[in-house]
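Inspection log for the structure reproduced underneath, given as structure tokens.
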Amino acid sequence: MNGLPIGLGPRLPVILISPWTRGGFVCPQTFDHTSVLQFLEKWTGVSEPNISAWRRQLCGNFTSAFNFTNADYALPNLPLAFPVNCRGGIIPTVPSPQSIPVQEDGARLSRPLPYHVNAYSHADCVGRNIYIKMLNTGIASAHFFIYANAYRTDGPWQFDVAPGVRLTNYFNIPSSAGGAYDFTCYGPHGFHRRFAGNINTNCGQPDVISTVNSNGEVMISLQNPTVSPVTFTVTNLFQPNAAYVYTIQPGAMVTDTLETINSDTGWYDLRATTSSDPTFLREFVGQTETAGPEQPPPVTKLVADALNGTLTLTYPAALIGQPLQSSTTLIGPWQPLNASPATVGSNAVVVLPMAGEFMYFRLRP
């Protein structure tokens, strides 16, 4: 409408039943009704021209929900079901008393996600703005929402962040707020970061940033650019009465790895405060990448996959140090491919736009 995409609409659960989706796994990637058509495109090779580029960017094609390397054709044991002869006068008995079904215990296993996102902020005291930077180092586009929890009545603001992109947006602090701000940035699969404080008291002041390293461990960096020591308290809401206390000296930065967070299927929910400013608050919620029990199947050589104007190159991550080269002919000349691979499981993945000519690729020892 008016040149802008409509959607996505309300989310609905989808159950995929096949030999390649056994085990009760959950796939939290974003899908919509065009995902079925995109899956058929992938399966049959027939293109559907009525899917917009925006939906292709944002919504997956269901293949991430399947495990095509480990099919399970066994049939489950199901209870016998007998027909009810309603015409013969048999009326089924309504259970009494009736009760609401009880949620099963435990957590569902999750398929690996193609996203790897993060967000952090910094203040512009002169312009009275808060800048929020959104990062996506995964292999699929990620959608972000930013909400004003207080002090502003507009929004929310929505952003699509493509793989390998860093997107920054700024938000003005109204004069009526007295310098106070409170924003939350939401991303896929429960990810969110909250930034609250007051630029009149903590502009250029202490800050906390969180990242997830390649081992699935949550790392926090605590910065103190002031002239006085600052005590940070980081609380893990998944560990009752657990708090990490750090006293950071003036001009120093300390990084710590919180390995114990992985005890809850990779989910973390951290809240950081400071002794120097009661309005300062940072919240970090998400799930580490290694929480899923499965990784994409490893490849043993350079593999190319083309679909919808995108070329995906996959090769063993152990070969990341070898130059990736391209050429329009098999005999060369070969040119270096200036692209940074993402590591997904034991594979290295490079996503490129399709060129309008034949291309050949190789890894040069």
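Can you tell which of ASN169, ASN338, ASN67 shows the greatest fluctuation in a Gaussian network model of the chain with Cα springs below 10 Å? Of ASN169, ASN338, ASN67, the most mobile in the Gaussian network model is ASN338.
Extension gain for GLU48 to ASN70 (0.36 nm times residue separation, less C-alpha to C-alpha distance): 5.0 nm. Of the whole protein surface, ILE91 contributes about 140 Å² of accessible area at a 1.4 Å probe radius.
Normalised per residue, the accessible area of the stretch 1-96 is 77 Å², obtained with a 1.4 Å probe and no contribution from ligands, DNA or RNA. Cα centroid separation, the stretch 5-56 to the stretch 169-237: 35 Å.
Bin width 20 Å, alpha-carbon pairs only: give the P(r) of the chain as whole percents, running from 0 to the bin holding the largest distance. Percent of Cα pairs in each bin: 22, 49, 25, 4, 0.
The portion of the accessible surface of the chain made up by carbon and sulfur, rounded to a whole percent, is 57 (1.4 Å probe; DNA, RNA and ligands excluded). Computed with a 1.4 Å probe over protein heavy atoms only, the accessible surface of the stretch 132-188 comes to 45 Å² per residue. For the stretch 5-151, the C-alpha radius of gyration sits at 1.57 times the compact-globule guess of 2.2 N^0.38 Å, with N the residue count.
Grab the beta carbon distance between LYS133 and THR93, set R0 = 45 Å, and tell me the FRET efficiency rounded to 0.05.
That gives a FRET efficiency of 0.15.
The values are calculated or read from the model by the stated rules, or taken from the named source; none is laboratory data. On a predicted model such as this, the values are computed, not experimentally measured, just so you know. Counting neighbours? That spans all protein chains shown, and the Cβs are built from the backbone with ideal geometry, glycine included. With ligands, DNA and RNA removed, areas are computed over all heavy atoms of the protein, side chains included. Shrake-Rupley method; radii C 1.70, N 1.55, O 1.52, S 1.80 Å.
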